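What follows is a short report on a single structure.
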Amino acid sequence: MMPGMHSTMGMRHEHKKEGTSAHAAEEKVFDPVCDMEIDKNTAVTSEYKGTTYYLCSKTCKANFEKGPDKFVTK
Ligand SMILES: [Zn+2]
């Protein structure tokens, strides 16, 4: 034991941020119009009542926007 070398604070707690991964995982989203699972990166988005919906194509987006209520029923 070395005299005068006692730590005052004990162990330091460092909170490293982890959550930011280098590899962006492919995110799958659901197209409510054609019931298809699609890649978020290639999806067409449409906002309705504050929620973003993902559509597989412009055609689906157009259909969605014609009558979103048909597709967002819970
Ligand atoms: Zn679609």
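What follows draws every value from the coordinates through simple rules; no lab data is involved. Bear in mind that the values here come from a model prediction, so they are computed numbers and not experimental data. Positions of Cβ are backbone-derived with ideal geometry, glycine not excepted, and every protein chain shown enters the neighbour counts.
For residue 48, what residues show an amide H to amide H distance below 5 Å, using hydrogens built from the backbone and excluding near sequence neighbours?
Long-range HN contacts for residue 48: 53.
Can you compute 3J(HN,Hα) from phi for each residue in the stretch 25-38, using the Karplus curve 6.51 cos²θ - 1.76 cosθ + 1.60 with θ = phi - 60°, rounded to whole Hz and x for Gly and Pro?
These are the phi-based 3J(HN,Hα) values: 5, 5, 9, 9, 10, 10, 7, x, 7, 10, 6, 10, 8, 10 Hz.
Enumerate the calculated ³J(HN,Hα) couplings along the stretch 49-66 in order (Karplus 6.51 cos²θ - 1.76 cosθ + 1.60, θ = phi - 60°), each rounded to whole Hz, writing x wherever the residue is Gly or Pro.
Once θ is set to phi - 60°, the couplings for the stretch 49-66 become 6, x, 10, 8, 10, 10, 10, 6, 8, 5, 4, 5, 4, 4, 5, 4, 6, 5 Hz.
Could you check the simple spin-label distance between residue 49 and residue 34, using points 7 Å along Cα→Cβ, in nm with one decimal?
2.5
For all pairs of alpha-carbon atoms in the stretch 28-71, what percent lies in each bin of width 10 Å, listed from the first bin to the last filled one?
For the stretch 28-71, the binned pair fractions read 35, 59, 6 percent.
Treating cross-link reach as a plain straight distance, find the aspartates and glutamates whose alpha-carbon is under 14 Å from the alpha-carbon of residue 66, omitting any fewer than eight places away in the same chain.
47
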